[in-house]
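Read through the structure below, which is laid out as structure tokens, and then see the notes.
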Amino acid sequence: MEILKLEHVCYQYDNTEHMVINDVSYSFGNGKLYCITGGSGVGKSTLISLIAGLDIPVSGKILFEGNDITKINRDMYRSQKVGVIFQSYNLLQNVTAAENITLSMNISGQHVKSNSQPVYDLLERVGIDKNKADRKILKLSGGEQQRVAIARAVSSGASVLIADEPTGNLDSENETKIMDIFLRIAHEDNKCVIVVTHSEQVAGRADVVIKMEGEAH
Ligand SMILES: Nc1ncnc2c1ncn2[C@@H]1O[C@H](COP(=O)(O)OP(=O)(O)O)[C@@H](O)[C@H]1O
Ligand SMILES: [Mg+2]
């Protein structure tokens with residue numbers, strides 16, 4: 001089923017001369033892993049912020065389940081429908097992995113008790129055991145931190161996960177593990193997973209590869 005659709009999306013930053021995203025139309029379904037590739041500066045991160053509802057297209061539409069995301073409750077869309085994962089993890093460093101998940105679930109309106117079983121279950125599913133779940137983020141490796149960030153993105157119940165170069169800071173062993181998790185989330189949990197990557201190894205495992213082309217200025 002098609003869950004997300006971009007229709008003739010254009011975007012231009014303020015005080016710049018050119019469109020960064022120029023007439024882009026893509027369609028994304030549940031149960032598939034998509035990779036977006038393309039050279040540096042073609043607009044991949046910009047596209048991610050548009051899909052995440054952090055920025056609004058200057059023209060064109062982004063439809064989630066058929067509804068224009070600028071016409072639905074943006075806070076609800078951002079906190080419950082899409083989960084974003086960054087290269088730099090963006091976790092709270094000084095609290096534990098379990099507390100990071102608990103906080104995020106509370107923000108998305110699910111009232112879980114601090115460090116309760118559903119929190120540990122989410123972390124377990126990305127290979128973070130109880131012992132590691134109770135460790136402060138700064139005491140986890142990069143690969144482990146990224147797995148916590150994925151659990152956090154999943155914890156809101158989001159049906160679309162978007163990740164901007166999620167393995168950019170990781171070695172190839174961890175890259176493989178992160179991709180195993182994304183593929184499982186797409187194929188077993190029937191989510192739509194969109195991964196921006198430079199890595200051919202990562203793109204090679206996607207169900208669909210979308211190559212963004214830059215504008216010739
Ligand atoms: N805040 C901004 N203001 C102006 N230009 C920007 C801003 N952010 C990014 N850009 C420009 O937009 C283009 C696309 O950037 P980006 O989406 O980050 O590309 P990618 O992620 O593919 O490397 C680049 O030319 C970049 O310099
Ligand atoms: Mg980028």
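Annotations for the structure displayed:
- Of the listed requirements (1) surrounded by fewer than 18 Cβ atoms within 10 Å (Cβ to Cβ); (2) under 20 Å from Leu50 (Cα atoms); (3) without any contact (Cβ under 8 Å) to a residue 60 or more places away in the chain; (4) out of contact with any helix residue (DSSP H, G or I) (no Cβ under 9 Å at 6 or more places or on another chain), Gln80 misses just one: (3).
- Selection of the range 188-217 for residues being more than 12 Å from Tyr34 (Cα to Cα) and surrounded by fewer than 17 Cβ atoms within 10 Å (Cβ to Cβ) yields Glu188, Asp189, Asn190, His198, Glu200, Gln201, Glu213, Gly214, Glu215, Ala216, His217.
- Contact annotation: residue pairs with Cβ atoms under 7 Å, 6 or more positions apart or on different chains, pairing a residue in the range 160-183 that is open to solvent by 60 Å² or more (accessible area, probe 1.4 Å) with a partner that is not hydrophobic (A, V, I, L, M, F, W, C) and not in a loop (DSSP other than H, G, I, E, B), are Asn169/Gly142; Ser172/Gln201; Lys177/Gly143.
- Flag for Thr16 being out of contact with any strand residue (DSSP E or B) (no Cβ under 9 Å at 6 or more places or on another chain), of a type in the set (Ser, Thr, Tyr), without any contact (Cβ under 8 Å) to a residue 60 or more places away in the chain and within 14 Å of ligand 1 (Cβ to nearest atom): yes
- Top-ranked residue of the range 26-65 - restricted to ones that are open to solvent by 60 Å² or more (accessible area, probe 1.4 Å), at pLDDT 95 or above and not hydrophobic (A, V, I, L, M, F, W, C), ranked as nearest to ligand 1 (Cβ to nearest atom): Ser45
The values are calculated or read from the model by the stated rules, or taken from the named source; none is laboratory data. Here the structure is a predicted model, which is why all the values come from computation and not from measurement. All Cβ positions, even for glycine, are placed from backbone atoms using ideal geometry, and neighbour counts span all protein chains on display. Keep in mind that these areas ignore ligands, DNA and RNA; they rest on the heavy atoms of the full protein, side chains included. Shrake-Rupley method; radii C 1.70, N 1.55, O 1.52, S 1.80 Å.
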